[in-house]
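The values are calculated or read from the model by the stated rules, or taken from the named source; none is laboratory data. Owing to the predicted nature of the structure, the values given are computational and were not obtained by experimental measurement. Glycine also receives a Cβ, built like all others from the backbone with ideal geometry; neighbour counts cover every protein chain displayed.
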Amino acid sequence: MARIELQSLSHSYGSAPGTSAAYAVKPMTMVWEDGGAYALLGPSGCGKTTLLNIISGLVTPTKGKVLFDGVDVTALPTERRNIAQVFQFPVIYDTMTVAQNLAFPLGNRGVPAERIEARVRTVAAMLGLTGELRRVARGLTADMKQKVSLGRGLVREDVCAVLFDEPLTVIDPHLKWQLRGELRRVHRESRTTMVYVTHDQTEALTFADKVVVMYDGEVVQIGTPQELFERPAHTFVGHFIGSPGMNVLPASVERNVARIGGVAVPLARVYPNLAGRGRIEIGVRPEFLQVRSGGEGLPAVIKRVEDAGRHKIVRAEFNGVALAALVDEDDSVPETDVRFVADPDRVHVYADGVLVGG
Amino acid sequence: MEKPVSNRAWLLVLPVVAIVAFNAIIPLMTVVNYSVQDTFGNNQFFWNGVGWYKELLDPSTDLGGRFFAALGRNVAFSLIILAIEVPLGILVALCMPKQGPAVAATLVVLALPLLVPWNVVGTIWQIFARSDIGLLGWTLNHLGIDYNYTAGFFSAWFTIIVMDVWHWTSLIALLCYAGLKSIPEAFYQAARIDGASRMSVFRWIELPKLNRVLLIGVLLRFMDSFMIYTEPFVVTGGGPGNSTTMVSIDLVKIALGQFDLGKAAAMSIVYNLIILATCWVFYTVMTSSDSSRKEGAP
Amino acid sequence: MTVALDHVCRSVRGEDHILDMTATFEPGTINVLLGPTLSGKTSTMRLLAGLDPPTSGRILVNGRDVTGLPVRERSVAMVYQQFINYPSMTVYENIASPLRVRGAAREEIDRRVRVAAGLLRLEPYLDRMALQLSGGQQQRTAIARALVKDAGLVLLDEPLANLDYKLREELRAELPRLFEGKDAVIVYATTEPTEALLLGGATATLHKGRLTQFGPTPHVYRNPKDRITAQTFSDPPMNFISVELKNGFARSPAGVTLPAEGILKWLPEGRYDVGFRPRRLSLTKAPALIPVKGVVAVSEITGSESFVHIDVPGERWIALTAGVLERQPGQEIEVYLDPTRFFIFAADGRLVHAEPHGEERR
């Protein structure tokens, strides 16, 4: 278990460092507390996997330091960093049995046989692999193999951190529900520092205490799932987290009223004069947009209604901008004189994409 | 669902059947024909039934003794060169650079021996190993080692084995190299994280993934070395004595040297059957390991 | 044009991959094959494409038997999970390739490539090499190639599985519109119930090589024919409890007792499986709800929704609530079931009663 510190860390793969575009990871400083569950969330190419590999030592950063519990490990190779990692696609030792696979990281480190046996049993029980322990790993299905990979990541108790690189990609939706829950439980029980890289918001938000949202090599926001959902610090976060993402509408803001195409939208707070602060937009999540018939609100035109099961997604357009709102499965969508009404408490103001405090 | 049946398809196969018959079946039948007859020259043949076969497969007879001795040498030769070439080839493949400009250079150097024709290989080594003017032979003798492949049993064997290893280790190395390159990087990363030693990486990742190419490599090398003729013929001529006389060399001796067509024909049929049987064993092993692999596939 | 499977079976080395499958896929809508890995989605697609022959049964196109017809004589386009393009060709050449093969005129090719590129928003990349593109653009190129081919049958085998979450959302929204107004039959395989719902159209649920139900997507979702279908078509997974209904109470073998209220009141006595979707499991007390004691196993928050996994005797349930709701793992709590929201399955798995929705709820 360890506290992980990244000190003015940056990395570029290209031969021309210095230009900001060449960075896979732009300069950043960050502290991950001992025993925390963190997620690195972002689209592909945002640098999240590079960052993970820097922590595990598979990649040496161009600049900056990595500290485990205050000790500089930047120059240490992976095998001396005492970490465990689970990869996107199952990495298993084909010719070993499941039990041998799980025991491998322990055996290599000279853990006594009884201890190995006990740990293998515990981890196997946790992942539902007890019945498969004697099987040769080659014959397993893809999701079983990935469970074995997960097991190898979790089998050592003394690791500084367990790193996950999109570990549930090959897992079927139903099993995902189960495994996500297991991972969270393992974290709670072991209190090992865990870092989880993914592009899937549900996985990131449900796994982590703190989610680090990355975009183009930069960290755009660090926060709890609730913070990221309720107060996205950047329009990118609003868009990337939430399904559908946050509605972002160009507007003008005057004190506590925003105007979109001549329609007033009340705000919960009074904003200072934003003239000269760049592009002004307001953001409101589809969850906080009500669709009513008549009265106040944005007279957007409904384009189509998607049935997502437990709710309907109403896709509309106002002033040339697309809007989405959620309506409960049991409620009907009004057809005449439609108005989209935002909860003032949930409307945020952004200047050049960055959240403006009220 | 019934598939349409048309006998006209047979017509289309006919040319192939004719060609195969002309260049494989007819010559083979000639050999079969010889193998059941005896001749005392003058193009006169007498029916001998399975007489040659009986003699051939009975080690106490002159012919049988000769055959089994040669067969034993063949097996020994194949096993020795496999025991050297397979580990050596794997080792070479493991040491080869994985990327950079050195890759192309290594590949060319390794491929060179494979491009040299058999009789040229034989000639090269015949000269290279001569104790009077050959670099290898001269050096060994000046180091105080009594080395003369035309006179010594061990010298002769040493020469043909080293020659074969020089000629063919590259094949195993190249096959293994291709196999190693196809292992995803994540496996090595996982092994580092699991704290695996270099030896465990080899034992648990590389070797299992090489399994298939190795099987093909062993098959190719076994069959090829089992049928070896040119190189020992050029270098040692089967000597000293009969010490490097392989079945193929003996066959030629009997057929063309002594003109015992019947004996030689029987011998080549049996030799052929042994090779076919070995091929079949390899094929079965390969396909069965294939299907056990498929069952596990998602 | 329609494509139909008529009692199609396929087994390989004695192992059944597809069992007695009968379905007719119509044009003008997306036909979704929904099921977990190894449920037979890809096998079905290969049969439809003609890549594999069925062991028995027929495949019909417009009512004509095409079972023995080789692939190249059928009008089929396929998009795979992996992004498959010609790496040494530009995007333009990639999209044009099926037309080139057919020997179409130069102007015709150019026109159709540009239309397809426009629909998939690939115009800026037409001169780039396919390998230089991002995953999303590569898959768009593959889809454009399938589109331009103008095939009668378009097979999409988990085309979005290797894409980022957000890209997936974007492309999924565009897909149904790409094929609008065409007389092509679209078959789309996915493991995700949410994806099936959002694509709309018709859904066939698959389980272990069997087609369990086929119909309009919302209908299958709300009226699953049996327990397996309900399970396949629910994300988060549907909660279940097996009970024996007797003397006004429904008792589970593990000792959970529910009073026979709501629909349970009207059922004849016997064994049933009661199912309810996670959003119908409440953590707040209300008068008409049935309380059940349980222990919190895991609590997950996404910001917009919260999932609490609860262990009740014999079962693990998930409760889905909008907003933020956290419970400490290990905590003993009461959860509340809404007896008007039950799905009831008979002991053999058949649906007896579906959760009423919309108008049915008065």
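Can A:V162 be described as of a type in the set (A, V, I, L, M), surrounded by 23 or more Cβ atoms within 10 Å (Cβ to Cβ) and in contact with an Asp or Glu (Cβ under 7 Å, 6 or more places away or on another chain)? Walk me through how you get there before you give the answer.
Details: of a type in the set (A, V, I, L, M): yes; surrounded by 23 or more Cβ atoms within 10 Å (Cβ to Cβ): yes; in contact with an Asp or Glu (Cβ under 7 Å, 6 or more places away or on another chain): no.
Spelling it out, it is not the case that A:V162 is of a type in the set (A, V, I, L, M), surrounded by 23 or more Cβ atoms within 10 Å (Cβ to Cβ) and in contact with an Asp or Glu (Cβ under 7 Å, 6 or more places away or on another chain).
In the list B:S35, B:S78, which residue meets the criterion of being of a type in the set (S, T, Y), modelled with pLDDT of 85 or more and touching a helix residue (DSSP H, G or I) at 6+ places or on another chain (Cβ under 9 Å)? Can you show your working first?
Working: B:S35 fails: modelled with pLDDT of 85 or more.
Being of a type in the set (S, T, Y), modelled with pLDDT of 85 or more and touching a helix residue (DSSP H, G or I) at 6+ places or on another chain (Cβ under 9 Å) holds for just one of B:S35, B:S78, which is B:S78.
In the stretch B:58-75, is there at least one residue being over 25 Å from the mean Cα position of the chain (by Cα) and assigned to a helix (DSSP H, G or I)? Quick ask: steps written out before the conclusion?
At the first step, the residues of the stretch B:58-75 found to be over 25 Å from the mean Cα position of the chain (by Cα) are B:58, B:60-62.
Restricting the remaining residues to those that are assigned to a helix (DSSP H, G or I) gives B:62.
Among the residues of the stretch B:58-75, at least one is over 25 Å from the mean Cα position of the chain (by Cα) and assigned to a helix (DSSP H, G or I), which makes the answer yes.
Just to check your reading of the model, which residue among C:G349, C:G314, C:G303 is at the interface with another protein chain (Cβ under 10 Å from one of its Cβ atoms) and either on the phi > 0 side of the Ramachandran plot or touching a residue at least 12 places away in the same chain (Cβ under 8 Å) (or both)?
On the way: C:G349 fails: at the interface with another protein chain (Cβ under 10 Å from one of its Cβ atoms); C:G314 fails: at the interface with another protein chain (Cβ under 10 Å from one of its Cβ atoms).
Result of the check over C:G349, C:G314, C:G303: C:G303.
Just to check your reading of the model, which residue among C:L163, C:L197, C:L206 is among the aliphatic types (A, V, I, L, M), part of a loop (DSSP other than H, G, I, E, B) and crowded, with 17+ Cβ neighbours inside 10 Å? So that I can check it myself, show each step before the final result.
On the way: C:L197 fails: part of a loop (DSSP other than H, G, I, E, B); C:L206 fails: part of a loop (DSSP other than H, G, I, E, B).
After ruling out the rest, the residue left standing is C:L163.
Out of the residues in the stretch A:116-148 that are out of contact with any helix residue (DSSP H, G or I) (no Cβ under 7 Å at 6 or more places or on another chain) and more than 22 Å from A:D165 (Cα to Cα), which is nearest to the other protein chains (Cβ to nearest Cβ)?
Restricting to residues being out of contact with any helix residue (DSSP H, G or I) (no Cβ under 7 Å at 6 or more places or on another chain) and more than 22 Å from A:D165 (Cα to Cα), the top hit is A:V136.
Mind checking which residues of the stretch A:339-358 are surrounded by fewer than 20 Cβ atoms within 10 Å (Cβ to Cβ) and of a type outside the set (K, R)? Can you show your working first?
If we filter the stretch A:339-358 for residues that are surrounded by fewer than 20 Cβ atoms within 10 Å (Cβ to Cβ), which is where we start, we get A:339, A:341, A:343-346, A:351-358.
Within the stretch A:339-358, A:V341, A:D343, A:P344, A:D345, A:A351, A:D352, A:G353, A:V354, A:L355, A:V356, A:G357, A:G358 qualify.
Tell me yes or no: at least one residue of the stretch C:306-319 is surrounded by fewer than 21 Cβ atoms within 10 Å (Cβ to Cβ), of a type in the set (G, A, S), more than 21 Å from A:K210 (Cα to Cα) and at pLDDT 90 or above.
Taking the stretch C:306-319 as the starting set, the residues that turn out to be surrounded by fewer than 21 Cβ atoms within 10 Å (Cβ to Cβ) are C:311-316.
Filter again for of a type in the set (G, A, S), leaving C:314.
Imposing the further condition that a residue be more than 21 Å from A:K210 (Cα to Cα) reduces the set to C:314.
Now drop any that are not at pLDDT 90 or above, which leaves C:314.
Yes.
Taking the stretch A:319-329 as the region of interest, how many residues are more than 20 Å from A:G294 (Cα to Cα) and either loosely packed, with under 14 Cβ neighbours inside 10 Å or away from chain C (no Cβ under 11 Å) (or both)?
Qualifying residue count, the stretch A:319-329: 2.
Quick check, is C:Y221 under 30 Å from A:L41 (Cβ atoms) and part of a strand (DSSP E or B)? Write out each step before concluding.
Working: under 30 Å from A:L41 (Cβ atoms): yes; part of a strand (DSSP E or B): no.
Taking the combined requirement at face value, the residue does not satisfy it.
Just to be sure before I move on: is C:V76 closer than 18 Å to C:D157 by Cα, more than 14 Å from chain B (Cβ to nearest Cβ) and within 22 Å of the chain's Cα centre (by Cα) in the structure I sent?
On the way: closer than 18 Å to C:D157 by Cα: yes; more than 14 Å from chain B (Cβ to nearest Cβ): yes; within 22 Å of the chain's Cα centre (by Cα): yes.
So C:V76 passes the test.
Here's a check for you: in the stretch A:106-115, which residue that is part of a helix (DSSP H, G or I) and within 14 Å of chain B (Cβ to nearest Cβ) is nearest to the chain's Cα centre (by Cα)? Let's see the steps before the verdict.
Here is the first cut: in the stretch A:106-115, the ones part of a helix (DSSP H, G or I) are A:106-107, A:113-115.
Of the ones still in play, those that are also within 14 Å of chain B (Cβ to nearest Cβ) are A:106-107.
Values: A:L106: 30, A:G107: 33 Å.
This residue is A:L106.
Check the stretch B:149-157 and report whether any residue there is surrounded by 22 or more Cβ atoms within 10 Å (Cβ to Cβ), more than 22 Å from B:L115 (Cβ to Cβ), at pLDDT below 90 and not hydroxyl-bearing (S, T, Y).
yes
Select from the stretch C:177-194 the residues that are assigned to a loop (DSSP other than H, G, I, E, B) and more than 14 Å from chain A (Cβ to nearest Cβ) and list them in ascending order.
Our first condition is that a residue be assigned to a loop (DSSP other than H, G, I, E, B); within the stretch C:177-194, this holds for C:179-184, C:191-192.
Matches in the stretch C:177-194: C:F179, C:G181, C:K182, C:D183, C:A184.
Filter the stretch A:178-193 down to residues that are assigned to a loop (DSSP other than H, G, I, E, B) and buried (at least 20 other Cβ atoms within 10 Å of the Cβ), then give me how many there are. Please lay out each step first, then the result.
Start the filter on the stretch A:178-193 by keeping residues that are assigned to a loop (DSSP other than H, G, I, E, B), which leaves A:191-192.
Narrowing further to those that are buried (at least 20 other Cβ atoms within 10 Å of the Cβ): A:192.
So the count comes out to 1.
Whether any residue in the stretch C:114-122 is in contact (Cβ under 8 Å) with a residue 40 or more places away in the chain, within 28 Å of the chain's Cα centre (by Cα) and surrounded by 14 or more Cβ atoms within 10 Å (Cβ to Cβ) is what I want to check.
Yes.
From (1) within 11 Å of chain A (Cβ to nearest Cβ); (2) over 27 Å from the mean Cα position of the chain (by Cα); (3) under 30 Å from A:V327 (Cβ atoms), pick out the condition that doesn't hold for C:V292.
(1) is the only condition that C:V292 fails.
One line per residue, one yes/no per condition, for (1) surrounded by fewer than 20 Cβ atoms within 10 Å (Cβ to Cβ); (2) among the charged types (D, E, K, R); (3) part of a loop (DSSP other than H, G, I, E, B); (4) not assigned by TED's automatic domain parsing to the domain that holds A:K145:
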{"position": "A:L9", "(1), (2), (3), (4)": "no, no, no, no"}
{"position": "A:K65", "(1), (2), (3), (4)": "yes, yes, no, no"}
{"position": "A:Q85", "(1), (2), (3), (4)": "no, no, no, no"}
{"position": "A:Y93", "(1), (2), (3), (4)": "no, no, yes, no"}
{"position": "A:N101", "(1), (2), (3), (4)": "no, no, no, no"}
{"position": "A:F104", "(1), (2), (3), (4)": "no, no, no, no"}
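Residues in the stretch A:38-90 that are within 14 Å of chain B (Cβ to nearest Cβ) and on the phi > 0 side of the Ramachandran plot: how many?
Going through the stretch A:38-90 one residue at a time, the tally reaches 2.
Please state which one of B:V121, B:V162 is surrounded by 13 or more Cβ atoms within 10 Å (Cβ to Cβ) and touching an Asp or Glu at 6+ places or on another chain (Cβ under 7 Å).
Values: B:V162 fails: touching an Asp or Glu at 6+ places or on another chain (Cβ under 7 Å).
Every option except B:V121 fails the conditions.
So, in the stretch C:263-289, exactly how many residues are more than 9 Å from chain A (Cβ to nearest Cβ), within 29 Å of A:F229 (Cα to Cα) and either in contact with a strand residue (DSSP E or B) (Cβ under 7 Å, 6 or more places away or on another chain) or not charged (D, E, K, R) (or both)? Quick ask: steps written out before the conclusion?
From the stretch C:263-289, those more than 9 Å from chain A (Cβ to nearest Cβ) are C:263-276, C:280-289; that's our starting set.
Next, from what is left, pick out any that are within 29 Å of A:F229 (Cα to Cα): C:276, C:280-286.
If we keep only those that are either in contact with a strand residue (DSSP E or B) (Cβ under 7 Å, 6 or more places away or on another chain) or not charged (D, E, K, R) (or both) as well, we get C:276, C:281-286.
Of the residues in that region, 7 qualify.
Would you tally the residues in the stretch A:265-301 being assigned to a loop (DSSP other than H, G, I, E, B) and either more than 14 Å from chain C (Cβ to nearest Cβ) or more than 29 Å from the chain's Cα centre (by Cα) (or both)?
From the stretch A:265-301, those assigned to a loop (DSSP other than H, G, I, E, B) are A:272-279, A:285, A:294-297, A:299-300; that's our starting set.
Still in the running and either more than 14 Å from chain C (Cβ to nearest Cβ) or more than 29 Å from the chain's Cα centre (by Cα) (or both): A:272-279, A:294-297, A:299-300.
Qualifying residue count, the stretch A:265-301: 14.
Being assigned by TED's automatic domain parsing to the domain that holds A:N53, of a type outside the set (A, V, I, L, M, F, W, C), surrounded by fewer than 19 Cβ atoms within 10 Å (Cβ to Cβ) and not in a helix (DSSP H, G or I) is the requirement here; does A:T122 meet it? Full working, then the answer.
Details: assigned by TED's automatic domain parsing to the domain that holds A:N53: yes; of a type outside the set (A, V, I, L, M, F, W, C): yes; surrounded by fewer than 19 Cβ atoms within 10 Å (Cβ to Cβ): yes; not in a helix (DSSP H, G or I): no.
Considered against the rule, which asks whether it is assigned by TED's automatic domain parsing to the domain that holds A:N53, of a type outside the set (A, V, I, L, M, F, W, C), surrounded by fewer than 19 Cβ atoms within 10 Å (Cβ to Cβ) and not in a helix (DSSP H, G or I), A:T122 comes out as no.
Which number in (1) crowded, with 16+ Cβ neighbours inside 10 Å; (2) within 14 Å of another protein chain (Cβ to nearest Cβ); (3) out of contact with any helix residue (DSSP H, G or I) (no Cβ under 8 Å at 6 or more places or on another chain) marks the one condition that B:D194 misses?
With respect to (1) crowded, with 16+ Cβ neighbours inside 10 Å; (2) within 14 Å of another protein chain (Cβ to nearest Cβ); (3) out of contact with any helix residue (DSSP H, G or I) (no Cβ under 8 Å at 6 or more places or on another chain), B:D194 is out only on (3).
Testing A:V31 on (1) out of contact with any helix residue (DSSP H, G or I) (no Cβ under 8 Å at 6 or more places or on another chain); (2) touching a residue at least 60 places away in the same chain (Cβ under 8 Å); (3) assigned to a strand (DSSP E or B), one condition comes back false. Which one is that?
All conditions pass for A:V31, except number (2).
Does A:F236 meet the test of being hydrophobic (A, V, I, L, M, F, W, C), facing chain C (nearest Cβ under 9 Å) and within 18 Å of the chain's Cα centre (by Cα)? Step through it out loud before you land on a result.
On the way: hydrophobic (A, V, I, L, M, F, W, C): yes; facing chain C (nearest Cβ under 9 Å): no; within 18 Å of the chain's Cα centre (by Cα): yes.
So A:F236 does not fit the description; no.
So, in the stretch B:7-55, how many residues would count as being within 23 Å of B:K263 (Cβ to Cβ), among the β-branched types (V, I, T) and in a helix (DSSP H, G or I)? Please lay out each step first, then the result.
Pass one, the stretch B:7-55, residues within 23 Å of B:K263 (Cβ to Cβ): B:24-55.
Among the residues that remain, those that are also among the β-branched types (V, I, T) are: B:25-26, B:30-32, B:36, B:39, B:50.
Checking the rest, the ones that are also in a helix (DSSP H, G or I) come to B:25-26, B:30-32.
Within the stretch B:7-55, residues that are within 23 Å of B:K263 (Cβ to Cβ), among the β-branched types (V, I, T) and in a helix (DSSP H, G or I) number 5.
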